[in-house]
1. For residue 65, state whether it is within 34 Å of the chain's Cα centre (by Cα), among the hydrophobic types (A, V, I, L, M, F, W, C) and at pLDDT below 95.
2. Residue check, residue 202 against (1) part of a strand (DSSP E or B); (2) among the small types (Gly, Ala, Ser); (3) open to solvent by less than 10 Å² (accessible area, probe 1.4 Å), all met but one. Which one?
3. Go over the candidates 338, 399 one by one and state the one that is open to solvent by less than 30 Å² (accessible area, probe 1.4 Å) and polar (S, T, N, Q).
4. Quick one: is residue 77 assigned to a helix (DSSP H, G or I), modelled with pLDDT of 90 or more and farther than 28 Å from residue 139 by Cα?
5. Please go through the stretch 345-368 and give me each residue that is charged (D, E, K, R) and more than 12 Å from residue 393 (Cα to Cα), ordered by number.
6. Which residues, counting only those in the stretch 127-185, are of a type outside the set (D, E, K, R), without any contact (Cβ under 8 Å) to a residue 60 or more places away in the chain and more than 20 Å from residue 217 (Cβ to Cβ)?
7. Here are some conditions: (1) within 41 Å of the chain's Cα centre (by Cα); (2) in a loop (DSSP other than H, G, I, E, B); (3) surrounded by fewer than 14 Cβ atoms within 10 Å (Cβ to Cβ). Residue 195 meets all but one. Which one does it not meet?
8. Of all residues in the stretch 80-110, which are assigned to a loop (DSSP other than H, G, I, E, B), on the phi < 0 side of the Ramachandran plot and in contact (Cβ under 8 Å) with a residue 40 or more places away in the chain?
Amino acid sequence: MSAPATVQESPSRAEATTPTLRATARRWRFWLILAAVAVIGLLLVTVASGTGTGSRSPYSITNAAPDGSKAVAEVLRQQGVDVVQADTLPQARAAVDAAPGATLAFADPGGYLTDEQLGDAAELADRVVLFLPGFNELRAFAPGVAAAGAPRDIDGVDAGCSLPAAERAGTIIGGGQSYRAAADGDAQLCFRSSDDAYYVVSTETPNGTTTVLGAADVLSNEGITGAGNAALALGLLGEDDTLVWYVPTADDVVADGPADVASLTPDWVTPVLLLAVFTFLAAAIWRGRRLGALVVENLPVTVRSRETMEGRARLYAKAGAHTHALDSLRIGTITRLSSVLGLPRNASVEEVASSAAAVLPGWSLGDIRAVLVDAMPSGEGDLIALSDRLLLLENAVTSAVRP
């Protein structure tokens, strides 16, 4: 199949260029800023978590969160009570020994202590106030008291007993856990929840007096200001000059095996490893990209445009793709006509056809459109005829514009 010579014989040659450091930095500016912000945020979180002195455990007197008990401790100190914090059983024992007759405030929400440790803690002081104890704590501190569930929130419950702290409080509000005492026991039952369940139970034990406090909001920073909550907390915890506030921590856990790698690793190792992983991923994304801008390079050999044209023509002829072959010829003709007629490179077919009809009196707009876009070849003969018409149109326009 023969085709008109519509491809230029001298292809343009582009000089290869290498992106500069400034251009690369400009292209990756957003990701570099994002990586820097992430690294700074990681460092701030690491520093904040490593230098914070406040605890986040419930009932901790250093916890200023809504579920903490820092407010209760500060008010007790203002009332002249020496509040001593103990984080381990040996610290609690030392604090009680240093202040004979002190009150022990105890809660183990994390369940760190064993039964043997709970038994030792129950013998520390003559007066003990338990905060929402579980089964094991009740068995060690107050065997005659049992849990009765949490049927509802406390909403203005009256004391209904002769316990001095409860009488001064009058009513309490909030939420919590209720308890019941043995029928044959001599216990003070205050703030009734149901028929035989109460939120405050004070009972005598072989070690002294133990008061079970099931009203959680009485101790929390968020709920202590409600109704008589503060009066009840100060009355139960402020009877003695010294209050030992013991909330067990992980340091009370008894090791039952050899030390693992995590316990022997310094605290700074984990943040450094996270930072190293993040840096590796950022570097891998930066250096491992494959979808950047194309770089023009000179081919090692020169391929003549005629060879390329003939090779494509043979492929179209072998596949019988007459429409694709004609489209290639039309694209080349329209591009060259745009240049001859002084139109921009992105001019539409309509603009090219109209401009060509304006300079060719013998060609109608419909004839030009048929040659450029409308006429479709039904075989190889039609393809050759239309290619000849394209060449004739191009020569006519060139002669009219450049006589």
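The values are calculated or read from the model by the stated rules, or taken from the named source; none is laboratory data. Source: prediction; values computed, not measured. Because the Cβ atoms are built from the backbone with ideal geometry, glycine has one as well, and the counts that use them run over all protein chains shown. Ligands, DNA and RNA are stripped out before the accessible areas are found, and what is left, the full protein with its side chains, is counted by its heavy atoms. Shrake-Rupley method; radii C 1.70, N 1.55, O 1.52, S 1.80 Å.
1. Numbers: within 34 Å of the chain's Cα centre (by Cα): yes; among the hydrophobic types (A, V, I, L, M, F, W, C): yes; at pLDDT below 95: yes.
Taking the combined requirement at face value, the residue satisfies it.
2. All conditions are met except number (3).
3. On the way: 399 fails: open to solvent by less than 30 Å² (accessible area, probe 1.4 Å).
It is 338.
4. Numbers: assigned to a helix (DSSP H, G or I): yes; modelled with pLDDT of 90 or more: yes; farther than 28 Å from residue 139 by Cα: yes.
Yes; evaluated as a whole, the condition is true for this residue.
5. To start, the set of residues in the stretch 345-368 that are charged (D, E, K, R) comprises 345, 350-351, 367.
Hits for the stretch 345-368 are 345, 350, 351.
6. 135, 136, 140, 146, 162, 181, 182, 183, 185
7. (1)
8. Filtering the stretch 80-110 for residues assigned to a loop (DSSP other than H, G, I, E, B) gives 80-81, 87-88, 99-102, 107-110.
Pick out the ones that are also on the phi < 0 side of the Ramachandran plot and you get 81, 87-88, 99-100, 102, 107-110.
Residues satisfying the conditions are 81, 87, 88, 99, 102, 107, 108, 109, 110.
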